[in-house]
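Taking it in order: structure first as structure tokens, then the write-up.
The values are calculated or read from the model by the stated rules, or taken from the named source; none is laboratory data. Bear in mind the structure is a predicted one, so any value in this text is a computation, not a measurement. In this analysis, Cβ positions are derived from the backbone assuming ideal geometry, glycine residues included, and neighbour counts consider all displayed protein chains. The area values use the complete protein model at the heavy-atom level, side chains included, leaving out ligands, DNA and RNA. Shrake-Rupley method; radii C 1.70, N 1.55, O 1.52, S 1.80 Å.
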Amino acid sequence: MGEKPATEKKPHGRKGILKGVLWTVAGLWAVLTVALQLILSPSFLDRAAHRLASEYVDGGLSFSRIDASMFRSFPNLNVSIEDFSLTYPHDRFAAYDSLSPFSSFMSEPGRAEEADTLAHFDRFDLSVDYVSLLLGRIRVRKARLSHPRIFLRQYDSTAADWNMFRTSPSGEEDSSEVAIPYLSLGKISLEDRPSAIYFNKKDTISGSIFMKEMTLGGRYSPKKGEVEKLSFRVDSMFLGGRLPADTLAIGMDELAIRDRGSHFDLGLRSKLYLAMKGAGRMQLPLGIDAELVPDFRRKFFQIRNMKAELATLQLKADALADLSGDSTYIKANASIEKEKVQEITDFLASNFPVLRNLGTDAVISLDASCDGFYISETRSLPPLSVHLEVPDAGVSWRGIGEKGRFDLDADAVSENGRLKADVKDFCFSINGFGISMKASSEDLLGDDPTFSVDGDLHAVLDSLARFIPDSLGFDAHGDLDGRIGGAFKLSQLDPWNFSDLGLNCDIRSNGSDIRDSRDSINAHLGRTAVTLGAYSHSGHESGHQESSHQHTGLAATVDSLSAEYGASTFIRGSGISILHTTPTRRLTAMRRTIRSMATLTSAPSASWTWT
């Protein structure tokens, strides 16, 4: 038998060399890993953490335990910290305690006699792939924060407790930009009732966030500029806030965002709480389901097939926004289809019991669309169109047998970036009361919008008095007819200055009787006319020559008056006129006139004129 050629042994030699290299690398890696594990001892980590805190934190840092492991889940580095706190001296902001009387239960949590707390958590666990870190990628396999609590306090524009952090050891700002690397998140979770409290002493604002749990996962690729495999969920979050005059609270049962490949599914179940003072706290349930399509690289966002439910209203919508240019391009449409008004009033009746008396078969519909650019510098709106309609429907009120009618037809559009609205038809009538009106507005969102109205009013006092509870002892008889028309700016709307108001209003009555049994008042007014706007007034010049003057203001005339107050005070008069044309003579002057009228006890004929 001959010997095998030497060339046949070469593959085995190459394999041996490769195995040797691999064993060498593995051995070096094992030695390096063991060395790092020995270096990352609890005492080393404790010293390193306090050294970094002294350079970057103007406050106190404490924890009961810190450790790291290179072997617990190879090739991941595992770090855990227990009972961690960031604090600062209590007297650091003591000078602000006496500057404002505003106090809140949110101002006290986290405070102590010696040190106040900015943040605290019971335990933090982090698992990160250190092999990927060497390649410039961040892969967080797991991060868990147990029972985190944050207390944010702001005292003025220069003083806040979170200013304890420094961006560099010298305290100088670092203006260099940091590129976002490849980032992969396995499961990031805040557990065991995480919470945050914000308190602003100067602006009397406070807020709080509490939740049961929050989880986050996904990855970000800087080359694609996309977020992939995103999963975000909030369980039982409650957010409350207090403004100087109002309070607002939101209870979120669930918020979930999940990656479906071509889009993200959004699901939200929440409750909005509004403080209504005398009407109590109103609860508005909110539910949203939608598909989100974000493109972070092109700064393009889209919402598809959104279905939102607020209380009893159901809204359908689609929208997209392009933020890549100097102005924002928006294309959207939304609709509400024939929602029953009765369901809305039944829902609101828990806060406004008077609505329980209302019955109606009315339905409300809304269509809105938008397609164009929004320019933030000039607040110029994109082309917008909104149509709101309540077709002719029946209306009833408990205790009144006769049914009424109601209808509404209104539009809103944006022209040249400004919003205008047009109420083409508004009619309401029920048992002796009726109003029909058309109205429009220009630059509705501007600093001083313009309004125009044109409407008619008819009321039978006998019927209206039936709405007043018998316990008040008030009764009325007679009728009123009125008309209102004209245009005015919002800045001109002053109830005691009509000189510039381009509004004309006439209210007339053939006679009316008013009785208030509680105050022993009985009054009869004959033919009555009240005019707001331009009217003519005859007078005499200094040479005793009669002339006619045009006035803009308030005028009231009553051809006869008979009023009684109690058993000994009464007023009799005829040809009564009250004029108000000078802006400086306002409510005080009118009260003087009324007092002078009330001092009369008997007069066959009287006339009062106030100019």
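At full extension, GLU377 and LEU355 could sit 3.6 nm farther apart than now, given 0.36 nm per residue minus the alpha carbon distance. Note on TYR329 and PHE44: the model spin-label points, each 7 Å out from Cα along the C-beta direction, lie 5.6 nm apart. Couplings 3J(HN,Hα) for the range 58-64, derived from phi with the Karplus relation 6.51 cos²θ - 1.76 cosθ + 1.60 (θ = phi - 60°), are 8, x, x, 10, 8, 7, 8 Hz, where x marks Gly and Pro.
Derived from the Cα gyration tensor, the three semi-axes of the equivalent ellipsoid of the range 286-329 are 26, 11, 7 Å, largest first. Of the trypsin sites (Lys or Arg not before Pro) found in the range 368-421, those that fall in a DSSP loop while having at most 12 other beta-carbon atoms within 10 Å are ARG379, ARG398. All C-alpha pair distances within the range 253-368, sorted into 10 Å bins from zero, spread as 12, 31, 31, 18, 8, 1 percent across the bins.
Applying the criteria of a DSSP loop state and at most 14 other Cβ atoms within 10 Å to the trypsin sites (Lys or Arg not before Pro) of the range 50-150 yields ARG111, ARG137.
The residues of the range 349-482 have, on average, 54 Å² of accessible surface per residue, using a 1.4 Å probe with all protein chains present.
Over all other residues within a Cβ to Cβ distance under 12 Å of LYS229, the charged ones net out to +1, with Lys and Arg as +1 and Asp and Glu as -1. Among the protein heavy atoms of the range 403-451, carbon and sulfur supply 56% of the accessible surface, probe 1.4 Å, non-protein parts ignored. No solvent, one uniform scatterer per C-alpha: report log10 I(q)/I(0) for the range 328-465 via the Debye equation at q = 0.10, 0.13, 0.17 1/Å, two decimals. Once normalised to I(0) and log-transformed, intensities are -0.46, -0.73, -1.04. The largest accessible area among ASP295, ASP367, ASP448, ASP116 belongs to the first residue in ASP367, ASP448, ASP295, ASP116, and the rest follow in falling order (1.4 Å probe, all chains).
With a 1.4 Å probe and every protein chain kept in, tell me what percent of the accessible surface of the range 232-369 is carbon plus sulfur. Answer for the range 232-369 is 57 percent, counting heavy atoms of protein chains only.
Given 0.36 nm per residue, what is the gain on full extension from ARG572 to ARG508 after removing their alpha carbon distance, in nm?
Here the answer is 21.0 nm.
Note on HIS458 and LYS224: the extension gain reaches 77.5 nm, defined as 0.36 nm multiplied by sequence separation minus the Cα-Cα distance. Near LYS316: Cβ cut-off under 14 Å, other residues only, Lys/Arg at +1 and Asp/Glu at -1. The net charge is -4.
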